[in-house]
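Participant: Have a look at this one.
Derivation of every value follows stated rules applied to the coordinates shown; laboratory data play no part. These figures come from a predicted structure and were not determined experimentally. Ideal geometry is used to build each Cβ from the backbone, glycine not excepted, and the neighbour counts take in all protein chains shown.
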Amino acid sequence: MTKTYKEINEKIKNGNAVVLTAEEMVKYVEDNGVKVAAKEIDVVTTGTFGPMCSSGAFLNFGHSDPPIKFEHLWLNDVHAYHGNAAVDCYIGCTRMSDVRRFEYGGGHVIEDLVAGKSIRLRGNSYTTDCYPLAEVDTEFTIDEINQAILCNPRNAYQRYVCAVNSSDKTLYTYMGKLLPHYGNAHYTGAGCLNPLSNDPDYETIGIGTRIFLGGGIGYIIGEGTQHNPTNQFGTLFVKGDLKKMSAEYLRGVSYEKYGTSLFVGLGIPIPILNEGLARKTAISDEELFTDIVDYGIPRRDRPIPRRINYKELRSEYIDLNGKKVKCSSLSSFYHARKIANTLKEWIQEGTFFLNPPAENLPTDTIFKPMKQTLKLKFVKDLKKKAEICYEDCDIKVVAKKIISENVNHIVITDRENNLKGIVTSFDITKAIANEKNDLDSIITKRVVTTFNDEPIGNAARKMRQNNISALPVIDENKKVVGIITSEELM
Amino acid sequence: MTIINISIPFGLVKDIDDYSKIVNDILKHDITFNILKFSTGSAGINLLLDIPEEKVSSVTESLIKGNIIVNKKGRVIVDIDACIDCGSCISLCPTDALHLNNEQRLEFSYERCIGCLLCLDSCPRYAIEEM
């Protein structure tokens, strides 16, 4: 049993197309089988609503009098990119306000713009003979500019990972707030409603596919950046007319200590052209797997404790090494469902038609890591010998060692070389000023440490965050194997 | 284990010994417990304690006798209009006061909130505020 786009569109026109959401399709195929579904069902709608950092909009303001060619411009104090013609710009959702920083960013500008709010435009120029104006400070609404085009280079990940944190401190990430010692877990994506998961071979999805985007109509214009189909991490490059979208489906968000982003509502209709598509669109949460990834390790290739399906992710608690870990989503299933239902209504009402892609998305590209020409340096490459004193020694011994070895940091250990603390030359100075003579009272016992294989940049960040100038290097048995100080980093 | 939120009013703790006494009084109930959070605020010292469920009433009783305030009620409000039902806050809520309802919309059960405030900086819409 096969159908064509033409046959399906004919049914949509006549108001008798049978449309189900991808969530409803799971049940339908379970009850009726793939054969019946392929014959009876014409379209399956999908939806997702989550943070999509690679989003932004092209705007054209029209020309001022006298004309200006922007060099720098700001929308509500958020720097927009200008590298095109005089009054074009691109406002990216993760760019944060120069004034309000984490509280307000490009994503919020887009939400405010779509909501019809007035946006302040400030810009300047080095001036040219044809564009003599040096400065602009004005206000506009979306109806008062020429074009406002949402154009997102990477949206709608086929699936995304589930984030946990093994480290001993709370992490603030683009995957939300992650509590230490696997205290919680976060995932994104709408599981069985996820657009690309319902057509994983991109049979019906490609350049030109008409979709639901931000409450209006959009188009897929190619594979997204970092498109990684071989690992089921496909992505989409999409565009759509912002003027016809709704602020309900484009929401600016702020992640504490990470930055701003934009929640994008996106839904794709999948025509059931054959039995294969009926089977694929019936995929359930139970059959969709992703990886749990440990964000406690600040490297590109983070440890993956295990694989997990969306059914377990959506059950509120997941099992991690025998521990019950509370898990929640960063994306809204309620809105994903609403998007799939809205798209379904549009098709049933005969206002939305399906079209074959001009070109299908690639299924064989590979996502490459960044080529870094400078070799990554590790702590072991730059560490030096730690000057060590025992915890029970006299404060004078420590002072003498600081002078004889010409260092600022003395690592304090027990006789087995286990780290007990650190003493700086400033600690000794303070001890003298306060007339303290016992070593124990001046040792810093809660020591921030590093390890041989930590990248230098991460060690430097630890020093900066803790406002300290040295980190003892310890091995897996917590024995001291060296020290790295801010001097080595310069 | 059950989490309770206690406030030690200003004046009750003048030094480390006063503080140790309060902790020891809790330990007298023959329990091990975790201090999940220690903070100081306008009301005094705020502690989030994780204690065995069966000891909640006896521990609460003795704390109240020692003039310590046991907050049973919530201390946050959720602005449902700003909320986008994403769920980022849910994994941080130790008592399920923040949860999704059958429609998958966020619901806040005020009576279950113990005011731990772990959710405060988890909301990408600033929809959760301290009362």
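Participant: If you take the Cα Rg of the range A:94-153 and divide it by 2.2 N^0.38 Å, with N the number of residues, what do you get? Walk me through the numbers on the way to the answer.
Facilitator: On the way: Rg = 13.8 Å, N = 60, 2.2 N^0.38 = 10.4 Å.
The range A:94-153 yields a ratio of 1.32.
Participant: I'd like the per residue volume of the convex hull spanned by the Cα atoms of the range A:199-252, given in cubic angstrom. Intermediate values should be presented prior to the final figure.
Facilitator: On the way: hull volume 5.0 nm³, N = 54.
Measuring per residue, one finds 93 Å³ for the Cα hull of the range A:199-252.
Participant: Now for a separate question. How much of the calculated P(r) for the range B:2-71 lies past 16 Å, in percent of all Cα pairs?
Facilitator: 41
Participant: How big is the equivalent ellipsoid of the protein assembly as shown along its three axes, where each semi-axis is √(5λ) from the Cα gyration tensor, reported in whole Å from largest to smallest?
Facilitator: Details: eigenvalues 507, 209, 134 Å².
Working through the eigenvalues yields semi-axes of 50, 32, 26 Å.
Participant: With each pseudo-label sitting 7 Å past Cα toward Cβ, what's the B:ASP25-A:VAL36 distance in nm, one decimal?
Facilitator: The answer from the label model is 6.8 nm.
Participant: Using only atoms on other chains, find how many Cβ atoms lie within 10 Å of each Cβ of peptide B:61-71 and report the average. It would help to have the intermediate numbers written out before the result.
Facilitator: Values: counts 0, 0, 0, 0, 0, 0, 0, 0, 0, 0, 0.
Per residue, the number of nearby Cβ atoms from other chains is 0 on average.
Participant: Right, another one. Note the full-extension length gain between A:GLN226 and A:TYR172 as 0.36 nm times their separation in residues minus their Cα-Cα distance, in nm to one decimal. Mind dumping the intermediate values first?
Facilitator: Values: separation 54, 0.36 × 54 = 19.44 nm, distance 2.34 nm.
Stretched fully, the A:GLN226-A:TYR172 segment lengthens by 17.1 nm.
Participant: If amide H atoms are built 1.01 Å from N in the plane of the peptide, which residues on other chains or at least 5 residues away come under 5 Å of the amide H of A:SER331?
Facilitator: The list, which skips near neighbours in sequence, is A:GLY189.
Participant: Quick one: Karplus J couplings for the range A:283-295, per residue in order, coefficients 6.51, -1.76, 1.60, θ = phi - 60°, nearest Hz, x for Gly and Pro?
Facilitator: Running phi through 6.51 cos²θ - 1.76 cosθ + 1.60 with θ = phi - 60° gives 4, 9, 4, 5, 8, 9, 10, 9, 9, 8, 10, 8, 7 Hz.
Participant: OK, next. Given the convex hull over the Cα atoms of the range A:379-489, what projected area results after averaging over all orientations, in nm²?
Facilitator: 6.6
Participant: Using a 10 Å cut-off around each Cβ of peptide A:298-307, what is the average number of partner chain Cβ atoms that fall inside? Before the final figure, lay out the partial values.
Facilitator: On the way: counts 0, 0, 0, 0, 0, 0, 0, 0, 0, 0.
What the average comes to for A:298-307 is 0.
Participant: Can I ask one more? For the modelled label position 7 Å from the Cα of A:GLU487 along Cα-to-Cβ, which residues of the range A:454-471 have backbone nitrogen atoms closer than 16 Å?
Facilitator: From the range A:454-471, the list is A:469-471.
Participant: What's the percent breakdown of Cα-Cα distances in the range B:76-130 across 5 Å bins, shortest bin first?
Facilitator: Using 5 Å bins, I get a P(r) of 4, 23, 38, 26, 8, 0 for the range B:76-130.
Participant: Here's another thing I want to ask about it. List every residue whose amide H lies under 5 Å from the amide H of A:HIS79, counting only residues 5 or more places away in sequence or on a different chain, with H placed 1.01 Å from N in the peptide plane.
Facilitator: Those lying under 5 Å, H to H, from A:HIS79 are A:ASP98.
Participant: Something else now. Under the rule of at least 5 residues apart or a separate chain, name every residue whose amide H is placed under 5 Å from the amide H of A:THR45.
Facilitator: Residues meeting the amide H criterion: A:LEU20, A:THR21, A:ALA22, A:ILE270.
Participant: Still on this structure, I have one more. Using bins 10 angstrom wide from zero, how does P(r) for the range B:1-124 break down, in % of all Cα pairs?
Facilitator: 12, 41, 29, 15, 4, 0
Participant: Excluding A:ASN32 itself, what net charge comes from residues whose Cβ is under 15 Å from its Cβ, given Lys and Arg +1 and Asp and Glu -1?
Facilitator: Working: positive: A:LYS27, A:LYS35, A:LYS39, A:ARG279; negative: A:GLU24, A:GLU30, A:ASP31, A:GLU40, A:ASP42, A:GLU275.
Spelling it out: positives minus negatives among the neighbours equals -2.
Participant: For the range B:1-62 and the range A:298-344, what is the centre-to-centre distance using only Cα atoms, to the nearest Å?
Facilitator: 35
Participant: Defining a contact as two alpha carbons under 8 Å apart and six or more residues distant in sequence, what relative contact order in percent does chain B show? Could you put the intermediate results ahead of the total?
Facilitator: Numbers: 208 pairs, mean separation 35.3, N = 131.
Normalised by residue count, the contact order of chain B is 27 percent.
Participant: What net charge is computed for the residues neighbouring A:LYS280, neighbours being all others with C-beta under 13 Å from the C-beta of A:LYS280, Lys and Arg scored +1, Asp and Glu -1? Kindly include the intermediate steps, with their values, before the conclusion.
Facilitator: Details: positive: A:ARG279; negative: A:ASP199, A:ASP201, A:GLU203, A:GLU275, A:GLU287.
Combined, the nearby Lys, Arg, Asp and Glu give -4.
Participant: Average the reciprocal distances over every distinct pair of alpha-carbons in the range A:15-88, invert the result, and give the Kirkwood radius in Å.
Facilitator: On the way: mean 1/r = 0.0583 Å⁻¹.
With all distinct Cα pairs of the range A:15-88 included, I get 17.2 Å.
Participant: Still on this model: Past 26 Å, Cα to Cα: identify those pairs from A:LYS177/A:LYS323; A:LYS169/A:LYS385; A:LYS257/B:LYS21, in the order given. Write down the numbers at each step before the final one.
Facilitator: Values: A:LYS177/A:LYS323 19 Å; A:LYS169/A:LYS385 28 Å; A:LYS257/B:LYS21 37 Å.
Those over the limit are A:LYS169/A:LYS385; A:LYS257/B:LYS21.
Participant: Next up: Apply the Karplus parameterisation 6.51 cos²θ - 1.76 cosθ + 1.60, with θ equal to phi minus 60°, to every residue of the range A:50-67 and state each ³J(HN,Hα) to the nearest whole Hz, in sequence, with x for glycine and proline.
Facilitator: Running phi through 6.51 cos²θ - 1.76 cosθ + 1.60 with θ = phi - 60° gives x, x, 10, 5, 8, 9, x, 9, 8, 10, 10, 8, x, 8, 7, 10, x, x Hz.
Participant: Next question, about the same structure. Would you calculate the separation in nanometres between label points at A:ARG464 and A:GLU287, each defined as 7 Å from the Cα along the Cα-to-beta-carbon direction?
Facilitator: It works out to 4.7 nm between the two label points.
Participant: I would also like to ask the following. Note the direction-averaged projected area, equal to a quarter of the hull surface, for the Cα convex hull of the range B:44-113, in nm².
Facilitator: Working: hull surface 24.6 nm².
Averaged projected area of the range B:44-113's Cα convex hull equals 6.1 nm².
Participant: Also: From the mean inverse distance of alpha carbon pairs (Kirkwood) and the Cα radius of gyration, derive Rg over Rh for the range A:194-312.
Facilitator: Values: Rg = 16.5 Å, Rh = 16.5 Å.
That ratio is 1.00, to two decimals.
Participant: Net charge around A:ASP98, counting only other residues with Cβ within less than 15 Å of its Cβ (Lys, Arg = +1; Asp, Glu = -1)? Don't skip to the end; give the middle numbers.
Facilitator: On the way: positive: A:ARG95, A:ARG100, A:ARG101, A:ARG120, A:ARG122; negative: A:ASP77, A:GLU103, A:ASP137.
In short, +2.
Participant: Per residue of A:174-180, count partner chain C-beta atoms within 10 Å of its C-beta, then hand back the mean as an integer.
Facilitator: On the way: counts 0, 1, 10, 10, 3, 4, 0.
Partner Cβ neighbours, averaged per residue: 4.
Participant: Work the Kirkwood hydrodynamic radius out for the range B:8-49: mean of 1/r over every pair of different alpha-carbon atoms, inverted, in Å. Can you show the working numbers first?
Facilitator: Working: mean 1/r = 0.0907 Å⁻¹.
Evaluated over the range B:8-49, this radius sits at 11.0 Å.
Participant: In sequence order, what are the phi-derived ³J(HN,Hα) couplings for the range A:232-248 according to the Karplus relation 6.51 cos²θ - 1.76 cosθ + 1.60 with θ = phi - 60°, rounded to whole Hz, with x for glycine and proline?
Facilitator: Result, rounded to whole Hz: 6, 10, x, 9, 10, 9, 10, 9, x, 7, 4, 5, 9, 9, 10, 5, 5.
Participant: Shifting gears a bit: Ignoring chymotrypsin sites (Phe, Trp or Tyr not before Pro) that are buried or in helix or strand per DSSP, and keeping those with at most 13 other beta carbon atoms within 10 Å, what is the longest stretch of chain A between them?
Facilitator: That gives A:127-366 as the longest site-free run.
Participant: If we count other beta carbons within 10 Å of each Cβ, what is the order of B:VAL56, B:VAL78, fewest first?
Facilitator: Working: B:VAL56 16, B:VAL78 21.
Taking fewest neighbouring Cβ atoms as first place, the list is B:VAL56, B:VAL78.
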